[in-house]
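Taking it in order: structure first as structure tokens, then the write-up.
The values are calculated or read from the model by the stated rules, or taken from the named source; none is laboratory data. Note that the structure is a prediction, hence the values are computed from the model and not measured. Neighbour counts run over all protein chains shown; Cβ positions are idealised from the backbone, glycine included. With ligands, DNA and RNA removed, areas are computed over all heavy atoms of the protein, side chains included. Shrake-Rupley method; radii C 1.70, N 1.55, O 1.52, S 1.80 Å.
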Amino acid sequence: MSIETTLVLVKPDAVARGLIGEVIRRFERRGLAVLAIKGFVFTDELLREHYAHLADRPFFPRLAEYMKSDLTVALAIAGVDAVQVVRTMVGETNSRTAQPGTIRGDLAVSVQRNAVHASDSPESALLEVARFFPDGLSVSPDTARVCDNYATDEL
Ligand code: DAT
Ligand code: MG
């Protein structure tokens, strides 16, 4: 167990459907802490970096077009084991088979337009938080706002 900071993106389909607040609300209600928020539009360069593992897939051009189509909202979210907790809340990649109760299972019906991105490991969380918040975070995850939601032996 350790306090982690993970990266969530509210993708253009969720932004277009007015779900920025709904996504943030779910993490806040759970007891995770939002440390930073930023709205931006993906460039080709940032997309190639963020989705490097998918660059050779046939669907990549369509994915890139969609990801550039509107605002994306980046969130840095902190908590104990936050990477795994957030991935579980997000649900599986295909929204049609994602469990009800998960963000994708409740808020999306598509594989590509699946509402949110979340870092898939502590290593990628470190890279991705730095990628989308290159100036660093102005709030430390080591604060009462994060820690008060746990017993001291969980920290
Ligand atoms: P995840 O977002 O669950 O971590 P991923 O990293 O494998 O999944 O893929 C990144 C995104 O790319 C995913 O959220 C939606 C899109 N994607 C993945 N597989 C796809 C496919 N077979 N067809 C269309 N889009 C796909
Ligand atoms: Mg992924």
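Condition test on Val85, is it within 20 Å of Ala144 (Cβ to Cβ) and not charged (D, E, K, R)?
Details: within 20 Å of Ala144 (Cβ to Cβ): yes; not charged (D, E, K, R): yes.
It is true that Val85 is within 20 Å of Ala144 (Cβ to Cβ) and not charged (D, E, K, R).
In the range 49-63, what residues are out of contact with any helix residue (DSSP H, G or I) (no Cβ under 8 Å at 6 or more places or on another chain) and either closer than 16 Å to Ala130 by Cα or not charged (D, E, K, R) (or both)?
Ala52, His53, Pro58, Phe59, Pro61
Scan the range 38-51 residue by residue and report those that are surrounded by 14 or more Cβ atoms within 10 Å (Cβ to Cβ) and more than 16 Å from ligand 2 (Cβ to nearest atom).
Of everything in the range 38-51, nothing turns out to be surrounded by 14 or more Cβ atoms within 10 Å (Cβ to Cβ) and more than 16 Å from ligand 2 (Cβ to nearest atom).
Can you tell which of Thr93, Thr143, Thr88 is of a type in the set (Val, Ile, Thr) and within 11 Å of ligand 1 (Cβ to nearest atom)? Write out each step before concluding.
Numbers: Thr143 fails: within 11 Å of ligand 1 (Cβ to nearest atom); Thr88 fails: within 11 Å of ligand 1 (Cβ to nearest atom).
When all the criteria are applied, what remains is Thr93.
Does the range 71-88 contain at least one residue that is free of Cβ contacts under 8 Å to residues at least 24 places away in the same chain and aliphatic (A, V, I, L, M)?
First pass over the range 71-88, keeping only residues free of Cβ contacts under 8 Å to residues at least 24 places away in the same chain: 84, 88.
Applying the additional criterion that residues be aliphatic (A, V, I, L, M) yields none.
No, that holds for no residue.
Across the range 96-126, what is the number of residues that are closer than 14 Å to Ile77 by Cα, of a type outside the set (Gly, Ala, Ser) and either open to solvent by 10 Å² or more (accessible area, probe 1.4 Å) or away from ligand 2 (no atom under 13 Å from the Cβ) (or both)?
Looking only at that region, the number is 4.
Can you name the helices (runs of 4 or more DSSP H) wholly within the range 48-132 that have at least 2 residues being within 17 Å of Phe27 (Cα to Cα) and not hydroxyl-bearing (Ser, Thr, Tyr)?
Details: elements: 60-67, 82-90, 103-107, 122-132.
The qualifying helices (runs of 4 or more DSSP H) are 82-90, 103-107, 122-132.
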